[in-house]
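**Q** Handing you this structure, nothing more for now.
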Amino acid sequence: MLPMSDIAMINSILSDAVTNGVFPGCACAVVCDGRTSIITKGNYTYDPDSKVVDTTAIYDVASITKAIPVSSLALKLVEIGLLFPDDLMITYIPEFSGKFRELISIRHLLTQTLHFDFRLSAYSHLSSDELLKRILTTDLANVPGTTFNYANATSILLGLIIERVTGKNLEQCSGEFFFNPLEMHSTSFYPENLRKENIVPSEMTPDGQRICGDVHDESARALRPLIVGSAGLFSTINDLSHFLEMLVNGGVWKNRRFFEASTMQQMGSNQLIGDFGDVQTGLGWELNQKTSMGICNGVDVFGKTGFTGCSIAVCCQEKCGYILLSNHIFPRRRESRDEINTVRRTLLQALLVT
């Protein structure tokens, strides 16, 4: 277990967040020096009779999906020689017809340096086939690798490549490389295969319907039945704590190596070449995120956030990290991300500064 003083601080941060309505409840895993503590707070919703959050609560982790498992899968395929960072995307997706098609590499996908000049959510009214065609025929705004531009389309293309390289869908690949060996038995892209009563609602629609057991992200939901690389994973804090433990331990979990040291180094160090100002990104992971990492953003920390209110941050140098699962946008999304980002920053600071 973590020192009692650290546990008390994490407890206080999360209790205050529930009391102040940042989210109705949450589940948090903290790993430090080989020890893991899991803390749960609050309820599934603000309803008086709402279910209490415990370690069986299943959350839609939203864009954490981009890193766990999608970028991680791509990095694993690179390690075993089935994929190479400088491979051209059109080698695997020849039907992509947008401008600069012949210049896009796997590295650009892993560093989010493709400038898709549109938001996929604006086209979520299209059918799955129409939406995918929109991605495959869009012109990039500028030369790949010259602009950092976080976009769902980039991760969707990466997920498609993973499926074509392996001949398996993302659920099958994730199970083979991560979920089964990491004993993540309540984690899936198919929430209908999980215990429905344990799935935490994400948001209320304008007409009063709960989004619960459906993918929250509009474009990922519109692309169903395709499983895509941008969003759509559901998981529990117990399951994700195993992935966190593996990352904090330099890619090793229960004496099994999942990532080589060189891969871990690329996750946590800036991979952008050229003048990007203060923008940095690891290979498949985010760096230097001041809004969610605060004063710890430049201290060898990599991570990922999810729109629903989830986040992960890892510091291999200090052998610590945290995962937070919450439904911050329930019942409806806020005008800003300030409240949830304050919680994220405070959690990380509690681990690295105190």
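**Q** State in Å² the accessible area per residue of the chain; use a 1.4 Å probe, count heavy atoms of protein chains only, and round to the nearest integer.
**A** That works out to 41 Å² per residue.
**Q** Which residues in the range 153-172 have a backbone N closer than 20 Å to a point placed 7 Å from the Cα of Ala122 along the Cα-to-Cβ line?
**A** 153-157
**Q** Within 10 Å, count the other beta carbons around each residue, average over each peptide in 188-197, 148-157, and list them highest first.
**A** Per-residue mean Cβ counts within 10 Å order the peptides as 148-157, 188-197.
**Q** What angle, in degrees between 0 and 90 and rounded to the nearest 10, separates the Cα long axis of helix 237-248 from the longest principal axis of the Cα atoms of the chain?
**A** Helix 237-248 sits at roughly 70 degrees to that axis.
**Q** If you don't mind, another one. Taking only Cα atoms, what is the 0 to 90° angle, nearest 10, from helix 152-166's long axis to the longest principal axis of the chain?
**A** 70
**Q** Any idea what diffusion coefficient the range 163-266 gets from Stokes-Einstein, in µm²/s, Kirkwood Rh on alpha carbon pairs, 4 °C, 1.567 mPa s?
**A** 84
**Q** Express in whole angstrom the spacing between the alpha-carbon centres of the range 290-353 and the range 37-82.
**A** 13
**Q** Moving to a separate point now. Using alpha carbon centroids, what distance separates the range 176-215 and the range 229-278, in Å?
**A** Their Cα centres are 22 Å away from one another.
**Q** Now for a different question. Going by average Cβ neighbours within 10 Å, how do the peptides 279-286, 314-321 rank, with the highest at the top?
**A** Result, highest mean Cβ count within 10 Å first: 279-286, 314-321.
**Q** Quick query: amide H of Gly98 versus all other amide H atoms, modeled in the peptide plane; which residues come in under 5 Å with a sequence gap of 5 or more or a different chain?
**A** Placed amide hydrogens put Thr138 under 5 Å from Gly98.
**Q** Here is a further query. Using a simple charge model, +1 on the beta-carbon of Lys and Arg, -1 on the beta-carbon of Asp and Glu, nothing else, what dipole does the chain show about its Cα centre, in debye to the nearest 20?
**A** 120
**Q** Return the long-range amide H neighbours of Gly229 (sequence gap of 5 or more, or a different chain), with a cut-off of under 5 Å between placed amide H atoms.
**A** Ile156, Gly159, Leu160
**Q** About the Cα centre of the range 205-354, what is the dipole size in debye to 20, counting +1 per Lys and Arg Cβ and -1 per Asp and Glu Cβ, all else neutral?
**A** 320
**Q** Return the Cα extents of the chain along principal axes one, two and three, sorted largest first, each rounded to a whole Å.
**A** Computed over the Cα atoms, the extents are 54, 47, 38 Å.
**Q** Counting only protein heavy atoms and a 1.4 Å probe, tell me what percentage of the chain's accessible area is made up of carbon and sulfur.
**A** Roughly 49 percent of what the probe reaches on the chain is carbon or sulfur.
**Q** Write out the cysteines belonging to the chain for which the nearest other cysteine Cβ is not under 4.7 Å, or none if no such cysteine exists.
**A** If one checks each Cβ against the other cysteines of the chain, Cys26, Cys28, Cys173, Cys212, Cys296, Cys310, Cys315, Cys316 turn up with nothing under 4.7 Å.
**Q** Moving on to the next point. Positive end of the charge dipole of the range 200-354 (Lys, Arg +1 and Asp, Glu -1 on Cβ, about the Cα centre): tell me which of Ser326, Thr205, Gln265 has its Cα farthest that way.
**A** Ser326
**Q** Take the alpha carbon gyration tensor of the range 105-245, find the square roots of its eigenvalues, order them as a ≥ b ≥ c, and report rounded if a/c is under 1.5; if not, report prolate when a/b exceeds b/c, else oblate.
**A** oblate
**Q** Sum -39500 (n - 2.57) across every DSSP H segment of at least 4 residues in the chain, then divide by the residue count to get the 222 nm mean residue ellipticity, nearest 500.
**A** -8000 deg cm²/dmol
**Q** Could you please report the charge total around Pro181, scoring K, R as +1 and D, E as -1 over all other residues with beta-carbon less than 10 angstrom from its beta-carbon?
**A** Every neighbour counted, the sum reads 0.
**Q** Taking the chain as the reference, fit the longest principal axis to its C-alpha atoms, fit the long axis of helix 338-352 to the helix C-alpha atoms, and give the angle between the two in degrees, 0 to 90, nearest 10.
**A** 80
**Q** Using a Gaussian network model on the chain with a 10 Å cutoff between Cα atoms, which of Gly232, Gly277, Gly81 fluctuates the most?
**A** Highest fluctuation of the listed residues: Gly277.
**Q** Please give the length that would be gained between Arg257 and Tyr150 if that part of the chain were fully extended, namely 0.36 nm times their separation in residues minus their C-alpha to C-alpha distance (nm, one decimal).
**A** Length gained between Arg257 and Tyr150: 35.5 nm.
The values are calculated or read from the model by the stated rules, or taken from the named source; none is laboratory data. Quick caveat, the model's predicted, so the values are computed rather than measured. Neighbour counts are summed over all protein chains in view; Cβ atoms, including those assigned to glycine, are modelled from backbone coordinates with ideal geometry. Only protein heavy atoms, including side chains, enter the accessible area calculation; ligands, DNA and RNA are left aside. Shrake-Rupley method; radii C 1.70, N 1.55, O 1.52, S 1.80 Å.
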